1. Of all residues being open to solvent by less than 10 Å² (accessible area, probe 1.4 Å) and in contact with an Asp or Glu (Cβ under 9 Å, 6 or more places away or on another chain) in the stretch 151-169, which is nearest to the ligand (Cβ to nearest atom)? Just the residue, please.
2. At pLDDT below 95, on the phi < 0 side of the Ramachandran plot and either within 16 Å of the ligand (Cβ to nearest atom) or surrounded by fewer than 18 Cβ atoms within 10 Å (Cβ to Cβ) (or both): does that describe F307?
3. Quick check on the stretch 397-409. Is at least one of its residues open to solvent by 10 Å² or more (accessible area, probe 1.4 Å), in a loop (DSSP other than H, G, I, E, B) and either aliphatic (A, V, I, L, M) or touching a residue at least 24 places away in the same chain (Cβ under 8 Å) (or both)?
4. Among the residues of the stretch 364-384, which ones are open to solvent by 10 Å² or more (accessible area, probe 1.4 Å), part of a loop (DSSP other than H, G, I, E, B) and farther than 15 Å from T161 by Cβ?
5. From the list A309, A217, A250, which residue is free of Cβ contacts under 8 Å to residues at least 24 places away in the same chain, more than 30 Å from K446 (Cα to Cα) and aliphatic (A, V, I, L, M)?
6. When you look at V112, is it under 19 Å from A55 (Cα atoms) and either part of a helix (DSSP H, G or I) or more than 9 Å from the ligand (Cβ to nearest atom) (or both), yes or no?
7. Return the pair list, or none, for Cβ contacts closer than 6 Å from residues in the stretch 345-359 that are assigned to a loop (DSSP other than H, G, I, E, B) to residues that are small (G, A, S) and within 16 Å of the ligand (Cβ to nearest atom), at least 6 apart or on different chains.
8. For the stretch 85-109, what are the residues that are assigned to a loop (DSSP other than H, G, I, E, B) and not charged (D, E, K, R)?
Amino acid sequence: MAEQTLGKPEELSRLRVAFRGELIDPGHPAYDTERRVYNAMIDRRPALIAQCRDAADVIAAVQYARSVDLPVSIRGGGHNGAGLALCDGGLTIDLSRMKGIRVDPWNRQVRVDGGCTQGEVDHATHAFGLAVPAGTVANTGIGGLTLGGGHGYLVRRWGLTIDNLIEADVVLANGEMVRASEQENADLFWAIRGGGGNFGVVTSFLFRAHPVSTVVAGPMLWPLEQTTDILHWYREYHPSAPDTMYGFPAMLRVPPAPFFPTEHHGRPVCGIVWCYSGAVEDGMRLMDEIRRMLPKPLIDMVGPMPFPALQSMFDPLIPPGLQWYWKGDFFDHLPDEAIAIHQRFGAIIPGGISTMHLYPVDGAASRVPSNATAFSYREARWSMVIAGIHPEPSGAGEIRSWAQSYWEELHPYSLGGAYVNFMMEEGTERVQATYRGNYERLQSIKAKYDPGNLFRFNQNIAPATQAATAEH
Ligand code: FAD
């Protein structure tokens, strides 16, 4: 059966000859380790994992998949909540061994291979006092994060990760490699800035980097009972704060980590995680002003720190191998009713480390028109994720029902769609709600670059039918 899936022996031999990396099939001793992804809820069995070393390997793997008619999934950092890096019975093109990074400090640019994590990019750029705007957890893959949009601590100042993408090398479904930029294959460049892994395998990204070194940052946490006061203040303060100021509200239990006082471990709290990326003296002064405006926090860890220290601060609390179930939505306001829902579900957070984060996506990100890239929610102020997280498989049901009910109550106050990187497999309607007015154009571009939907293990954009394509 497996041999039939993998095609004729000569087709597999051709791949073996052309391929420099490791080919891992179900009989390989490393198969079960290599098919693990970050979310331990995911248990998929690819027919073959092609661990690529370079772009030539990616081209060989795509050509092989086409020749034997195997659907393809693409693995960057393996961090996707829905586990879309893996497919059952198909070919997983695994980029996680492609780790090249070259910083060009003179032009403030950095070229990054498709398998790098955000933490690896931070490490490389920090040596030059630079950073690429990306997410909030270091072991997230830069590939999936970028292709979905990418938001984090620097978003208000310099935009989404895609707003800092200069060009990408993409291996298309026909096995050809092209460059996507404003100048070359501009339609493809538009689509990969938010459209996920639908259009090809990105082997290399070229990013713009910015001068960031020490930030004034960290969490402030208040007792759950103060949620209303904190969030009422926050919704007025944050939108008018300078773009150098960023703070995301969170509902959580105080994590059982040594740097939090033991007497508070497990206590439900409302928090704001701050990052001021301007001059340190200004950040210290503004944080003192914030402290004067708010009730005294239960825990206040805000201070100057190297940017990569902030970026990796939460990694130890959420190692790979936990159960994850998450739901998202975009919001442009934070009404009293929504705040009351946050407080209510904050009181019953399951599994110790489940959480809700309300990530700002305003400032520079919102000064880009909605149709300038595939990422459509430019008017949103926040991208919310409700993350049910549990260490044990036995807790999967509990985190799923908490996240689902929390989301159902909040959804009516949302803009209607979610960040594509904060979705489980939720069906075509939800994917359309993510892209709204950009969806049809994405379908046309999909029909041009991947008409057979070879790359379908993603938040899938169905290729436009021939007739519909001809109309565009
Ligand atoms: P993978 O699981 O490897 O791949 C996911 C999908 O991305 C694949 O199916 C494929 O379609 C596509 N893909 C990945 N690499 C490539 C490539 N090189 N070429 C083509 N397609 C590719 N997102 C944010 O924006 N900001 C955050 O702060 C943030 N924080 C997070 C924190 C945690 C703990 C987690 C688990 C996720 C977080 N995310 C955040 C979401 C994150 O962006 C997504 O999970 C993203 O999919 C991870 O990328 P990856 O490369 O690790 O994904």
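The values are calculated or read from the model by the stated rules, or taken from the named source; none is laboratory data. Nothing here was measured: the structure is a model prediction, and the numbers come from that model. Quick reminder, even Gly has a Cβ in these numbers, built from the backbone with ideal geometry, and neighbours come from all protein chains shown. Heavy atoms of the whole protein, side chains included, go into the accessibility calculation; ligands, DNA and RNA do not. Shrake-Rupley method; radii C 1.70, N 1.55, O 1.52, S 1.80 Å.
1. Checking each candidate, the answer is V155.
2. Numbers: at pLDDT below 95: no; on the phi < 0 side of the Ramachandran plot: yes; either within 16 Å of the ligand (Cβ to nearest atom) or surrounded by fewer than 18 Cβ atoms within 10 Å (Cβ to Cβ) (or both): yes.
Judged against the criteria, F307 is not a match.
3. Of the residues in the stretch 397-409, the ones open to solvent by 10 Å² or more (accessible area, probe 1.4 Å) are 397-398, 400-402, 404-405, 407-409.
Those still in the list that are in a loop (DSSP other than H, G, I, E, B) too: none.
No; the residues of the stretch 397-409 include none that is open to solvent by 10 Å² or more (accessible area, probe 1.4 Å), in a loop (DSSP other than H, G, I, E, B) and either aliphatic (A, V, I, L, M) or touching a residue at least 24 places away in the same chain (Cβ under 8 Å) (or both).
4. Selection gives P369, S370, N371, E379, R381.
5. Values: A217 fails: free of Cβ contacts under 8 Å to residues at least 24 places away in the same chain; A250 fails: free of Cβ contacts under 8 Å to residues at least 24 places away in the same chain.
Residue meeting the stated conditions: A309.
6. Details: under 19 Å from A55 (Cα atoms): yes; either part of a helix (DSSP H, G or I) or more than 9 Å from the ligand (Cβ to nearest atom) (or both): yes.
Taking the combined requirement at face value, the residue satisfies it.
7. These pairs meet every condition: S354/G388.
8. So in the stretch 85-109, the residues assigned to a loop (DSSP other than H, G, I, E, B) come out as 85-90, 95-100, 105-108.
Within the stretch 85-109, A85, L86, C87, G89, G90, L95, S96, M98, G100, P105, W106, N107 qualify.
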